[in-house]
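Take a look at the structure set out below.
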Amino acid sequence: SHLALLSVTYNLNVFPSMENFVQDMKRLNLQKRVVAVVENGSWALTAGKSMREIIGQLKKVNIAEETISIKSLLKDAQYADAVAMADKIVEDLKK
């Protein structure tokens, strides 16, 4: 019911393995899910936007409002955001 999709930016796009995965989700007509997105990149953070565009085409899929954007390495200040995202997923699963 819930997915956390994490990808690095690769040539201004989603890493090929993750791109294949989200395209498969689209081809399989995945529905009724909650998706959280985390992107990583060093000089360009575009993977999250690309994943959101593909996922946004799926029916009855809610994308978490917040995207965590990591520049190369998770900073101490971002750790709390990652924990909050995980906690929200756990709380949603309990419903």
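All distinct Cα pairs of the chain go into the 1/r average, and the inverse of that average, the Kirkwood radius, is 13.6 Å.
Summarising the strand pairing of the chain, around 10 percent of its internal DSSP beta bridges are antiparallel.
Considering only Met85, His2, Val37, whose Cα is most displaced toward the positive end of the charge dipole of the chain, charges sitting on Cβ of Lys, Arg (+1) and Asp, Glu (-1)? Going by the Cα projections, it comes out as His2.
Given R0 = 25 Å, the distance between the Cβ atoms of Lys60 and Ala4 translates into a calculated FRET efficiency of 0.85. Charge tally around Asn62: other residues with Cβ under 15 Å, Lys/Arg +1 each, Asp/Glu -1 each, net +3. For the pair Asn13 and Lys95, a Förster radius of 35 Å applied to the C-beta separation gives a FRET efficiency near 0.55, rounded to the nearest 0.05.
Its DSSP H runs of at least 4 residues, each contributing -39,500 (n - 2.57), put the calculated 222 nm mean residue ellipticity of the chain at -13500 deg cm²/dmol, to the nearest 500. For Gln31 and Lys71, a Förster radius of 35 Å and the Cβ-Cβ distance give a FRET efficiency of 0.60, rounded to the nearest 0.05.
Share of carbon and sulfur in the accessible area of the chain stands at 55%, probe radius 1.4 Å. With every protein chain left in place, what is the accessible area per residue of the chain in square angstrom, probe 1.4 Å? Spelled out: the 1.4 Å probe surface of the chain, per residue, equals 66 Å².
The values are calculated or read from the model by the stated rules, or taken from the named source; none is laboratory data. This one's a predicted model, so the numbers in the text were calculated from it and none came from an experiment. Using ideal geometry, Cβ is built from the backbone for each residue, glycine included, and neighbour counts are taken over all protein chains shown. The accessibility values were calculated without ligands, DNA or RNA, using every heavy atom of the protein model including side chains. Shrake-Rupley method; radii C 1.70, N 1.55, O 1.52, S 1.80 Å.
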